[in-house]
Amino acid sequence: RTVRSGGVAGFPMPFLRYRMGDIGSVGNRRCECGRSLQVLSSLVGRTGEIFFTRQGRMISPNFWCRVFMSDRFAGQILRFQVVYTKEKNLRILVVKGPGYSTEAEKYIKDSVGANFSPDTRVDFEYVSEIQPRVSGKYQMVVNEAKA
């Protein structure tokens, strides 16, 4: 009986190579479980969820988490989706929560203005719901500029 590529004894498993589309950094430390494999020191996100501004600056999905999940606006935004258009403008879908204020929209616009080109247009769409993907997961970021 042999074990191949992580398979169970007697049941070899194929070793598949495929692109996950994840961007991260490999750290110098080893896994605490004792295995000799390398571990990730950071995970930026999936390539399709990363925006490159007109000036070439990288905007990761974590940026949007920090903007939309600010304690200042807790509960005001129930769900959001950011669409980076082919023209490199932003369309932001928002499901408003109780007590939603225009101050939240201003904060989002200011955050975008400080990190994107001044000529990046930001359009808000207020919707009653944002549909999940076929997988059942909600897509926080849609990058049409990459397509």
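Things worth noting here:
- Comparison of ILE130, ILE77 shows that the only residue that is over 19 Å from GLN55 (Cα atoms) and without any contact (Cβ under 8 Å) to a residue 40 or more places away in the chain is ILE77.
- Taken over the stretch 59-71, the criterion of being more than 20 Å from ILE130 (Cβ to Cβ) and open to solvent by 90 Å² or more (accessible area, probe 1.4 Å) is satisfied by ASP71 alone.
- Enumeration of residues in the stretch 93-108 that are among the basic types (Lys, Arg) and within 14 Å of GLN81 (Cα to Cα): LYS96
- Residue check, GLY45 on the phi > 0 side of the Ramachandran plot, at pLDDT below 75 and either assigned to a loop (DSSP other than H, G, I, E, B) or surrounded by 15 or more Cβ atoms within 10 Å (Cβ to Cβ) (or both): yes
- Strands (runs of 3 or more DSSP E) wholly inside the stretch 72-143 containing at least 3 residues that are open to solvent by 70 Å² or more (accessible area, probe 1.4 Å) and in contact with a helix residue (DSSP H, G or I) (Cβ under 6 Å, 6 or more places away or on another chain): none
The values are calculated or read from the model by the stated rules, or taken from the named source; none is laboratory data. Every value quoted in this text rests on a predicted model; they were computed, and no experiment measured them. When we count neighbours, we look across all protein chains shown, and the Cβ atoms used for this are built from the backbone with ideal geometry, even at glycine. Just so you know, the surface numbers come from the protein's heavy atoms only, side chains and all, with ligands and any DNA or RNA stripped out. Shrake-Rupley method; radii C 1.70, N 1.55, O 1.52, S 1.80 Å.
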